[in-house]
Structures are given as C-alpha cells and as structure tokens.
1. Look at residue 96 and say whether it is surrounded by 14 or more Cβ atoms within 10 Å (Cβ to Cβ) and within 30 Å of residue 61 (Cβ to Cβ).
2. If you check 179, 183, 205, which single one turns out to be touching a helix residue (DSSP H, G or I) at 6+ places or on another chain (Cβ under 8 Å) and touching a residue at least 24 places away in the same chain (Cβ under 8 Å)?
3. Could you pull out the residue among 115, 127, 96, 75 that is out of contact with any helix residue (DSSP H, G or I) (no Cβ under 6 Å at 6 or more places or on another chain) and farther than 19 Å from residue 188 by Cβ?
4. In segment 119-174, which residues are in contact (Cβ under 8 Å) with a residue 12 or more places away in the chain and under 30 Å from residue 18 (Cα atoms)?
5. Does any residue of segment 158-171 turn out to be modelled with pLDDT of 95 or more, touching a strand residue (DSSP E or B) at 6+ places or on another chain (Cβ under 7 Å) and surrounded by fewer than 18 Cβ atoms within 10 Å (Cβ to Cβ)?
6. How many residues are over 22 Å from residue 122 (Cβ atoms), touching a residue at least 24 places away in the same chain (Cβ under 8 Å) and over 13 Å from the mean Cα position of the chain (by Cα) if we restrict to segment 68-106?
7. With (1) under 24 Å from residue 206 (Cα atoms); (2) modelled with pLDDT of 95 or more as the list, and residue 121 as the residue in question, which single condition is left unmet?
C-alpha cells in the first residue's frame, strides 16, 4: 500500500494552487491554512472534511494521527507535483468496517481533488498481479472474484517463484498472501494486502 498519492500538474504553481483552493469546497473540504515551506513555490495546504473526520473519530478516536489533512504542492524535476497521505492506511490498523468505508470515501475525494487540481485524470491501471500460493483459500476466492468481474490479471505462485516472493516481502513487509499489485501508468504501483474486496472494487471495478 502506498503511503502517499502524488500527481504531476499540467499547470504552474499559481494555477495549481488556485485550482486546489477553488475546487476544495466541491469535495466538502474546508481550507484551514496555507504554510510555505522552503520557498514561495512550495506549500502545505491544510484541509479538513468535517463530516468524515467526525465519523472516523467517532468510530475510533485512536486514528486521529492517521487522517490526512495536508496537501503538499512541491517543485520536483522542473515541474509541480501535488500529493497527500493515503487514508487507506487507517484500514490497515483497524478491523472496523465503518472506518474502512470512511477511509475509502476520503481517499476517493482527495484523489479526485488532486486529479482535478493538476489537470490530470485518474491513474490508469496497466496490470494486475495476484501473488498467491497453491494452497491459499483466500487467494482462490480472490482469483474467482477477479475472473467473475472480468479483470485481466496475472497469478504468481510464490512457492514457484522465489524472486517474486522476495520482491513481495521487500515491497510490503508482508509474508502472507494474497497480495495484489496494481501497476499504474507513470511507473506507479500499489499493493493491496489480503482479499480486500472493497478496496479492489474501488480500484478495479468501473
């Protein structure tokens, strides 16, 4: 799972910032503050979705430090990039299904806000890899789900592929399966741990 989501803007700094501030309210975000970092063209914009924040904290107040509230606008390689933390991190530390649903909703809103502010579309999925073992029932269940939803994918059996097994552990810190790697354009990858039907539906079912 990526801990942050970044997109390269098609606009200069001023236009990107203007887009972000004007579009924030369309996604129910309130702009709390703007803080310059390093230079006049690098900025942290603090946002809050009062409704979703209230729901998350009511469900589990321990997650206060994991709710993304900052959007960074940075100079990188001669261009402007915009990014924020990944709300799905909350799903990895609690079994609370309400929190998982709220995190998915918040992630969708933040990514859409960033996509629109930068003039980019949603990252396109190029490939799906299901890392499995021959004896894993949850892997079989996910494979059946992928096929039922007509999602093209590659199944990699880790006991047959030591290098792939090492890659998965190095990339995720996880030794269990299933692990699903979503490969996007721009050399971006995201890992989904376990058969997370809600997360996979959000990413892959259109």
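1. Values: surrounded by 14 or more Cβ atoms within 10 Å (Cβ to Cβ): yes; within 30 Å of residue 61 (Cβ to Cβ): yes.
So residue 96 passes the test.
2. Values: 183 fails: touching a helix residue (DSSP H, G or I) at 6+ places or on another chain (Cβ under 8 Å); 205 fails: touching a helix residue (DSSP H, G or I) at 6+ places or on another chain (Cβ under 8 Å).
Going through 179, 183, 205 in turn, the sole match is 179.
3. Numbers: 115 fails: farther than 19 Å from residue 188 by Cβ; 127 fails: farther than 19 Å from residue 188 by Cβ; 96 fails: out of contact with any helix residue (DSSP H, G or I) (no Cβ under 6 Å at 6 or more places or on another chain).
The match here is 75.
4. 119, 120, 123, 124, 125
5. Yes, because at least one residue in segment 158-171 is modelled with pLDDT of 95 or more, touching a strand residue (DSSP E or B) at 6+ places or on another chain (Cβ under 7 Å) and surrounded by fewer than 18 Cβ atoms within 10 Å (Cβ to Cβ).
6. Total satisfying the criteria: 7.
7. Every condition holds for residue 121 apart from (2).
This table checks each residue for (1) surrounded by 15 or more Cβ atoms within 10 Å (Cβ to Cβ); (2) assigned by TED's automatic domain parsing to the domain that holds residue 171; (3) touching a helix residue (DSSP H, G or I) at 6+ places or on another chain (Cβ under 7 Å); (4) over 29 Å from residue 191 (Cβ atoms).
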| residue | (1), (2), (3), (4) |
| --- | --- |
| 19 | yes, no, yes, yes |
| 27 | yes, no, yes, no |
| 30 | no, no, yes, yes |
| 36 | no, no, no, yes |
| 44 | yes, no, no, no |
| 47 | yes, no, yes, no |
| 52 | yes, no, yes, no |
| 63 | yes, no, yes, no |
| 70 | no, no, no, no |
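The values are calculated or read from the model by the stated rules, or taken from the named source; none is laboratory data. Predicted model, so just to flag it, every value in this text is computed and none were measured. Every residue, glycine as well, gets a Cβ built from its backbone with ideal geometry; the counts of neighbours run over all protein chains shown.
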